[in-house]
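Shown next, in structure tokens, is the structure this report addresses.
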Ligand SMILES: Nc1ncnc2c1ncn2[C@@H]1O[C@H](COP(=O)(O)OP(=O)(O)OP(=O)(O)O)[C@@H](O)[C@H]1O
Ligand SMILES: [Mg+2]
């Protein structure tokens, strides 16, 4: 513990009048030691005194300055500015700061910030002014540097922004080109697929036609034989001709079915009727022909449509979309003959303002990831030779995008969840775009 006796004795500063120096000397020494310029003037801006820094600034000793004005030391223009500032402060009767650029006696240009305050006598009357001027060159320099840095920064930000915008532009152009390329590729594979598919029925028809030709030639030859036409030859010819006609008819049917499907892939919006309708109307019309099939497959359809919601779009193609989805559920999801439980297809519509979101979900067998990855591709089917041509979902997507201006995808939540079945999410504009807008 430190006792009072241990504490060092503190010396009192000797500022009393009877000391080594008087208070006015102390004050003078203090003012002279300041780096700021200090000066006093009377109310007519005549100098009453100044400190050492001010002497250096004017290049004259104090006794030369006292009794004179700024006009004796600086350029008249500058002197007028100083005195105008003096007068402004005196009129205000309170402290005032101003900035000035002044040429000092040594030829240096100084940037000063000057605070002028009234000098009052004991009665409070203003007798003149006190000025304290500080060199703010460095501060101004830093401020200028800061401003330059800021400007540089802003310029660089603007440059980067412009670069990013340009890059973004390029990116969206590239994406546009990709989409175009993808469309072309899809069209290419579609055309190739159609050609390939048509090859089978047309090839069959050709084989049958040439076979029939040779049968007819043989029949004609047997007619010309002197022994005459045998009954068995006639019967064989008739049987062959009937078979050939059947085969031709089937091939023709297959080919025209393919062509009609192909036509609906390349569906032409201008030929579709546009009108206002509700989803409930659509489903009412659409479900009627499906009822027997749905009953036979033990499948019910649960509709949860916002019945008041009206669409201004193309009801025909929209019906075709849902018809294809229902057909798919019947053909693929509930096709297992051993199935005993009831199936349910849920259709939920939700009003999103400009759009309507429709969720179509069955609780059938579902798809494997591989099937899901290809299901929308034209001619992709898991029922080849068993009623599937693989055009259903390709047509659906084509109509949704091309005619209705919307989008269709699997409902991810459903597929990755543990529930069975397949779910699609459709997002359709309530007011369908015009054709030229869609194809942009
Ligand atoms: N609801 C569904 N449940 C299970 N699998 C489905 C379902 N819908 C489509 N698929 C699968 O997606 C494949 C592609 O369907 P898509 O409708 O394009 O062709 P498809 O039905 O086989 O033939 P098409 O519709 O031309 O008669 C189907 O073969 C089937 O494997
Ligand atoms: Mg299908």
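Looking at (1) within 13 Å of ligand 1 (Cβ to nearest atom); (2) part of a strand (DSSP E or B), find the lone condition where residue 350 falls short.
It fails just one condition, (1).
Can you find a residue in region 326-334 that is over 20 Å from residue 409 (Cα atoms) and assigned by TED's automatic domain parsing to the domain that holds residue 420?
Step one: list which residues in region 326-334 are over 20 Å from residue 409 (Cα atoms), which gives 334.
Next, only the ones that are assigned by TED's automatic domain parsing to the domain that holds residue 420 stay: 334.
Scanning region 326-334 turns up at least one residue that is over 20 Å from residue 409 (Cα atoms) and assigned by TED's automatic domain parsing to the domain that holds residue 420.
Can you name the residue in region 354-380 that is in contact (Cβ under 8 Å) with a residue 60 or more places away in the chain and farther than 20 Å from residue 394 by Cβ and, of all such residues, is farthest from ligand 1 (Cβ to nearest atom)?
The first filter runs over region 354-380 and keeps only residues in contact (Cβ under 8 Å) with a residue 60 or more places away in the chain, leaving 354-362, 377-379.
Cutting the leftovers down to farther than 20 Å from residue 394 by Cβ gives us 354-357, 359, 361.
Working: 354: 28, 355: 23, 356: 21, 357: 19, 359: 13, 361: 9 Å.
Per the stated criteria, the residue is 354.
Scan region 131-190 residue by residue and report those that are surrounded by 11 or more Cβ atoms within 10 Å (Cβ to Cβ) and under 30 Å from residue 57 (Cα atoms).
131, 132, 133, 134, 135, 136, 137, 139, 140, 141, 142, 143
Inside region 203-228, can you point out the residues that are in contact with a helix residue (DSSP H, G or I) (Cβ under 6 Å, 6 or more places away or on another chain) and over 30 Å from residue 377 (Cβ atoms)?
Answer for region 203-228, where residues must be in contact with a helix residue (DSSP H, G or I) (Cβ under 6 Å, 6 or more places away or on another chain) and over 30 Å from residue 377 (Cβ atoms): 208, 212, 215, 219, 222.
When the residues of region 299-315 are narrowed to those that are free of Cβ contacts under 8 Å to residues at least 60 places away in the same chain and away from ligand 1 (no atom under 16 Å from the Cβ), which ends up farthest from residue 397 (Cα to Cα)?
Only one residue tops the list, namely 308.
Is one or more of the residues making up region 174-189 part of a helix (DSSP H, G or I) and in contact (Cβ under 8 Å) with a residue 60 or more places away in the chain?
yes
Out of (1) within 6 Å of ligand 1 (Cβ to nearest atom); (2) closer than 22 Å to residue 339 by Cβ; (3) touching a helix residue (DSSP H, G or I) at 6+ places or on another chain (Cβ under 8 Å); (4) at pLDDT 90 or above, what's the single condition that is false for residue 388?
Of the numbered conditions (1) within 6 Å of ligand 1 (Cβ to nearest atom); (2) closer than 22 Å to residue 339 by Cβ; (3) touching a helix residue (DSSP H, G or I) at 6+ places or on another chain (Cβ under 8 Å); (4) at pLDDT 90 or above, the odd one out for residue 388 is (4).
List the residue pairs whose Cβ atoms are under 6 Å apart, where the first residue sits in region 381-403 and is within 14 Å of residue 189 (Cβ to Cβ), the second is in a helix (DSSP H, G or I) and within 12 Å of ligand 2 (Cβ to nearest atom), and the two are 6 or more positions apart or on different chains.
391/261
Mind checking which residues of region 417-440 are within 16 Å of ligand 1 (Cβ to nearest atom) and modelled with pLDDT under 90?
Listed by number, the residues that qualify are 417, 419, 420.
Out of curiosity, is residue 200 in contact (Cβ under 8 Å) with a residue 12 or more places away in the chain, surrounded by 10 or more Cβ atoms within 10 Å (Cβ to Cβ) and under 30 Å from residue 381 (Cβ atoms)?
Criteria met by residue 200.
Among the residues of region 316-343 satisfying the criterion of being in a loop (DSSP other than H, G, I, E, B) and touching a strand residue (DSSP E or B) at 6+ places or on another chain (Cβ under 7 Å), which is farthest from ligand 1 (Cβ to nearest atom)?
In this case the residue turns out to be 342.
The values are calculated or read from the model by the stated rules, or taken from the named source; none is laboratory data. What you are looking at is a predicted structure, and each value in this text was computed from that prediction instead of being measured. Note that each Cβ is placed from the backbone with ideal geometry, even for glycine, and that neighbours are counted across all protein chains shown.
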